[in-house]
1. Of LYS71/LYS212; LYS2/LYS46; LYS115/LYS212; LYS58/LYS212; LYS15/LYS162, which pairs sit farther than 20 Å apart, going by alpha carbon to alpha carbon?
2. Among LEU57, LEU99, what is the fewest-to-most ranking by other Cβ atoms within 10 Å?
3. Compute the acute angle (0 to 90°) between the alpha-carbon long axis of helix 4-13 and the principal axis of greatest extent of the alpha-carbon atoms of the chain; round to the nearest 10°.
4. Explain nothing, just the number: relative contact order of the chain, from Cα pairs under 8 Å at least 6 residues apart, as a whole percent.
5. Tell me, what HN-Hα J-couplings in whole Hz come from the Karplus equation 6.51 cos²θ - 1.76 cosθ + 1.60 at θ = phi - 60° for each residue of the range 50-61, using x for Gly and Pro?
6. Please check which bits of the range 138-173 a label hung off ASP203 would reach, taking the label as a point 7 Å along Cα-to-C-beta and the cut-off as backbone N under 12 Å.
7. Return the long-range amide H neighbours of ILE170 (sequence gap of 5 or more, or a different chain), with a cut-off of under 5 Å between placed amide H atoms.
8. So what are the ³J(HN,Hα) numbers for the range 171-188, from phi and the Karplus equation (6.51, -1.76, 1.60; θ = phi - 60°), rounded to whole Hz, Gly and Pro as x?
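Any read-out appearing in this document is the output of simple, stated calculations on the displayed coordinates, not a laboratory observation. The structure displayed is predicted, hence computed values, not measured ones. For neighbour counting, all protein chains shown are included, and Cβ atoms are generated from backbone atoms with ideal geometry for every residue, glycine included.
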Amino acid sequence: MKTIASEVSAYLKTKPFLLSALFQDIINLTSLARMIQPEIETSLRKPAKSGAIVMALKRISDNQEFVTTHKIVRVLKNIGDITVRSSLVDYCYKVSDTLLPAQAKFLNQIGTTSKDIFFTTSRGVGECNIIVSQKLTPIIESVFHKEVCLEKTEDLSAISIKLPTENVTIPGIYYFIFQRLSWEGVNINEVVSTSNEFTILMDEQSVNTAFKVIKDLKNL
């Protein structure tokens, strides 16, 4: 059976930024109730009092903030090392039968290279991204010269974040981080992750802002 509370909850789930602002108590509940009242009434197929919508919003805000947001904040307070790297290049290659052998050859060649380099790769169905330090570009372009390069992006920086192991059991952590980066106007070029660590790539002009946003999460 549809109720005002269930329809308000369903509406907010489609508006994640609105839901987050509600959790942070920066929205006037009465004004919000008046704004969403027509949609709630359409879903219910009957009138809904504004006061009842306000009460539903208040209950959702209190309950969900405690259950979800507090868990996320607890994890974020325990963020581990935050590592920043600059002068990176992102190559996007078309997946081919010769791409894996080329990657093996590349890894073999950089095996004796200085340890202060950066290298990571991610592979999808039709394309593969290889992100390297600028100093490795001559090797990349030599080894992969027969591959189809779909895109090359230079002057990138990366921020690697170490998360507590419990991050894999709590939904919303990545959203919480990326939401705040979005609010500060940081555009993410790419994300590479493992179970307890992820790396975000952005243009070098945004790295200072992104670093501050992530560092401040530890003080929520």
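1. Values: LYS71/LYS212 22 Å; LYS2/LYS46 11 Å; LYS115/LYS212 27 Å; LYS58/LYS212 32 Å; LYS15/LYS162 29 Å.
Listed pairs above 20 Å: LYS71/LYS212; LYS115/LYS212; LYS58/LYS212; LYS15/LYS162.
2. LEU99, LEU57
3. 20
4. On the way: 287 pairs, mean separation 48.0, N = 220.
Rounded, it is 22 percent for the chain.
5. 3J(HN,Hα) across the range 50-61, in whole Hz: 4, x, 5, 5, 4, 5, 5, 4, 5, 5, 4, 4.
6. Label zone hits: 154-157.
7. Close amide H contacts, sequence-distant or interchain: none at all.
8. These are the phi-based 3J(HN,Hα) values: x, x, 5, 5, 4, 4, 5, 5, 4, 5, 5, 5, 4, 8, x, 8, 8, 8 Hz.
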